[in-house]
Each structure stands twice: as C-alpha cells, then as structure tokens.
Amino acid sequence: MDIAVIGSNMVDLITYTSTMPKAGETLEAPDFALGCGGKGANQAVAAAKLGANVMMVSKVGEDLFAENTIRNLQQFGVDTQHVTVARGTSSGVAPIFVDDQSQNRILIIKGANARLTPADIDAAAEELKACRLLVLQLEIPLPTVYHAITFARQHGIQVILNPAPAVAGLDIDYACQCDFFMPNETELEILTGMPVSSDDEVLRAGQMLLGRGLKNLIITLGSRGSVWMQGDAVYRVEPVPVKAVDTSGAGDAFIGCFAHFLIQHGDIPRAMQSASAFAACSVTGRGTQRSYPDADAFHRFLT
Ligand code: ATP
C-alpha cells in the first residue's frame with residue numbers, strides 16, 4: 001500500500017424539499033438520494049481513483065449501511081481489510097435537507113466513527129508500517145489521531161493532517177509532528193482566532209500557526225486557490241477557472257490528489273498544481289466522490 005487513510009465513513013441521506021416541516025408537521029418531499037461520504041472516505045476514494053494503492057482504517061456501524069459503505073470503497077479499489085464493524089452502534093450518517101435555493105441543512109451523527117480507537121490502529125500495524133503516507137482528519141476521536149501520528153513518527157511514515165472539521169482543543173504539538181498541516185480558510189480562522197478574509201490576513205494567520213512549529217502549512221481557499229507556507233517562503237497556486245456546479249467535497253478532492261502525487265514524485269508545488277486542477281474538475285459535477293474524475297477523465301480535463 002502507498003497511502004493509509006485513518007478516518008471517517010459517513011452515509012449522506014439527502015432529502016430534496018421546497019418546504020421544511022415545522023415541529024409536529026409531516027410533509028411529502030419530492031426526492032431523496034443516498035450517498036457515500038465522510039472526509040476520510042472521500043480522500044481515500046480521490047487518491048484511489050487516480051490509481052494510488054490506498055487502505056482505510058475506519059469503523060462502520062452494525063446496520064444496513066455498513067455493507068454498502070464497504071462495497072463502495074472496494075469498488076474504487078480501496079483496501080477495506082481494516083474497515084470493521086462497531087457492534088451496537090449505527091454507522092456515521094448525515095441527514096441533509098436541500099431546499100429549492102440549494103440551501104443545505106445538515107445534521108451529523110458520528111456513530112461508529114466515534115468508536116475508532118488507538119487499538120484499531122495497533123490492529124492494523126503490520127499493514128500500516130508498509131505505507132509511505134498516512135492521511136488524517138478530525139471526524140474520529142482526537143486520541144486516535146494522536147496515536148496515529150505517534151505511530152507514523154516511530155515508523156518513518158509521512159503524515160498529512162487535515163484539521164477538519166475544526167475541533168477546539170487540537171493539540172498543536174501533534175500537528176507539529178506532521179509533515180503537512182492542511183486546513184481550509186474557515187479552519188484556519190477557528191484555529192488562530194484571526195480574520196482570514198483577505199490574502200494578507202490569511203498569510204498573517206498562517207505565519208502565526210507556523211510560528212508554533214508547523215513544518216508545512218497548505219491552506220485551501222476555495223475559489224481563491226491555495227497557498228503553501230514553509231518558514232518565510234510562500235508559494236501561491238491560482239485556482240483553475242471552471243464553472244462551479246457543486247463545491248462540496250472539493251477540499252477532500254484536493255487532499256486525496258495531493259497525497260497521490262506527493263508520493264509519486266515528492267514535488268510539493270507540482271502536487272499542489274495537480275490537486276488544484278483535480279479539485280476544480282470535481283466542482284464541475286454534483287456530489288462528492290462521484291464528482292471526482294478517475295485518472296483518464298482527469299487526463300482529459302487537463303488536455
Ligand atoms: P469541502 O469542505 O467542501 O470539502 P473545503 O472548504 O475544505 O471544501 P475549499 O478550500 O473550498 O475546500 O476547496 C479546495 C480547493 O478546491 C481549492 O483550494 C481550489 O483549488 C479548489 N476549488 C474550490 N472551489 C473552486 C472553484 N469554484 N473553482 C476552482 N477551484 C475551486
């Protein structure tokens with residue numbers, strides 16, 4: 001395996017409705033869709049679609065969604081040997097209500113994802129040791145994230161930490177042990193308590209984080225592109241201009257693609273350029289994983 005994603009699987013339960021029910025009211029909604037998501041799974045699928053050998057360490061619930069989640073990962077070639085069932089728990093689910101104006105109302109139930117423990121990492125130790133890169137997010141318990149970082153350090157494995165969703169109390173000492181720390185602008189704002197609405201503000205907030213000892217900070221800025229900061233050096237990647245249809249999962253697309261190219265050639269600016277193009281391509285389609293191009297479609301997008 002090249003890449004191990006230790007993270008979440010979620011099932012999106014999407015109801016399309018023009019009217020939201022009031023308390024005590026029952027309404028009929030015109031449409032419904034079921035989607036596979038979760039930041040961990042999205043990033044694993046993005047890298048796998050590009051041809052990376054990817055394994056996941058993750059927990060699913062003891063319910064109907066578990067089999068569907070595992071089958072979905074396998075269909076993209078993600079190794080699921082260490083995607084296991086948390087007994088007596090539901091899978092992670094996200095009931096989402098989308099109205100006529102495409103406004104979302106989302107509830108997140110972490111379910112089995114909250115049951116991924118350091119012991120699950122130890123159980124996967126042999127396979128993890130053979131990986132070159134660990135990719136982590138914060139939809140699983142922090143002690144599990146910290147254990148994974150410590151494990152990676154002990155075994156000389158590179159680590160990307162995507163601090164999403166922003167969690168109060170993230171121990172920055174662990175973030176500093178990671179090779180890449182990759183927040184979006186909202187997470188940067190929450191982590192630093194500083195404004196991030198202009199480029200100058202983003203760089204100031206980034207410098208503040210770097211000052212605490214981070215090695216490489218890569219900030220994604222939506223339609224404003226992305227930036228890599230290391231010491232005093234700043235490398236800016238402009239967005240690839242596209243007609244955006246649905247930007248959900250763009251950050252996960254960026255990170256999964258960056259991970260793939262990082263271990264392919266180790267050239268950070270080139271990996272960011274590829275990630276930027278891959279994420280731009282993903283926002284031209286609806287959904288998250290289904291909007292990610294495979295290697296052929298990505299090649300066509302680039303030419
Ligand atoms: P999500 O939480 O929906 O996964 P995010 O907020 O973590 O997304 P963003 O910073 O919005 O991630 O986007 C990630 C990257 O995707 C950006 O750095 C950029 O390269 C690309 N991107 C996002 N939106 C657009 C857009 N409208 N046009 C072109 N590229 C885009």
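Along its principal axes, the range 140-263 has C-alpha extents of 43, 28, 27 angstrom, given from the largest down. Summary of the geometry: the range 162-216 and the range 45-63, compared by the centres of their Cα atoms, lie 26 Å apart. Phe261 contributes about 40 Å² of solvent-accessible surface, heavy atoms of the protein only, 1.4 Å probe.
Only the Cβ atoms of Lys and Arg (+1) and of Asp and Glu (-1) were treated as charged; on that basis the dipole of the chain about its Cα centre amounts to roughly 300 debye.
Exposure check, 1.4 Å probe, all protein chains in place: Thr15 carries approximately 30 Å² of accessible surface. Taking 25 Å as the cut-off for C-alpha to C-alpha distance, list the pairs among Lys49/Lys129; Lys49/Lys243; Lys59/Lys215 that go past it. Pairs exceeding 25 Å: Lys59/Lys215. Within the accessible area of the range 184-303, the carbon and sulfur atoms contribute 52%, probe 1.4 Å, all protein chains present.
How high is the relative contact order of the range 1-52, in percent, with contacts defined as C-alpha pairs under 8 Å that are six or more residues apart? List each step's numbers first, then the result.
On the way: 56 pairs, mean separation 25.2, N = 52.
Relative contact order for the range 1-52 comes out at 49 percent.
Rolling a 1.4 angstrom probe over the protein heavy atoms with all chains in place gives the chain an accessible area of 44 Å² per residue. The DSSP beta bridges internal to the chain are antiparallel in roughly 40% of cases. Over every Cα atom in the chain, the radius of gyration and the widest Cα-Cα span, Dmax, amount to 18.7, 57 Å. Candidate membrane-span-like segments in the chain, meaning DSSP H helices with Cα atoms spread over at least 24 Å of their own axis and a Kyte-Doolittle mean of 1.0 or above, do not occur, with no membrane implied either way. Taking the Cβ of Lys39 as the center, what net charge do the other residues with Cβ under 9 Å away carry, scoring Lys and Arg +1 and Asp and Glu -1? Taking every Cβ under 9 Å from that of Lys39, the sum is -2.
Under 5 Å from the amide H of His82 lie the amide H atoms of Met56, each residue being 5 or more positions distant or on a separate chain, with H modelled from the backbone and absent for Pro and chain starts. For the chain, averaging the sequence separation of C-alpha pairs within contact (under 8 Å, six or more residues apart) and dividing by the residue count gives a relative contact order of 17 percent. Calculated FRET efficiency, Glu201 to Thr117, Cβ-Cβ distance, R0 = 30 Å: about 0.20 to the nearest 0.05. For the range 1-100, carbon and sulfur atoms together expose 51% of the accessible surface, with a 1.4 angstrom probe and every protein chain in place.
To one decimal place, what orientation-averaged projected area in nm² is obtained for the convex hull of the Cα set of the range 1-138?
Working: hull surface 37.9 nm².
The directionally averaged projection comes out at 9.5 nm².
The values are calculated or read from the model by the stated rules, or taken from the named source; none is laboratory data. Treat the numbers as computed from the prediction; the structure is a model and nothing was measured. Heads up, the Cβs are rebuilt from the backbone with ideal geometry, glycines too, and the neighbour counts pull from every protein chain shown. SASA here: full protein model, heavy atoms, side chains in, ligands and nucleic acids out. Shrake-Rupley method; radii C 1.70, N 1.55, O 1.52, S 1.80 Å.
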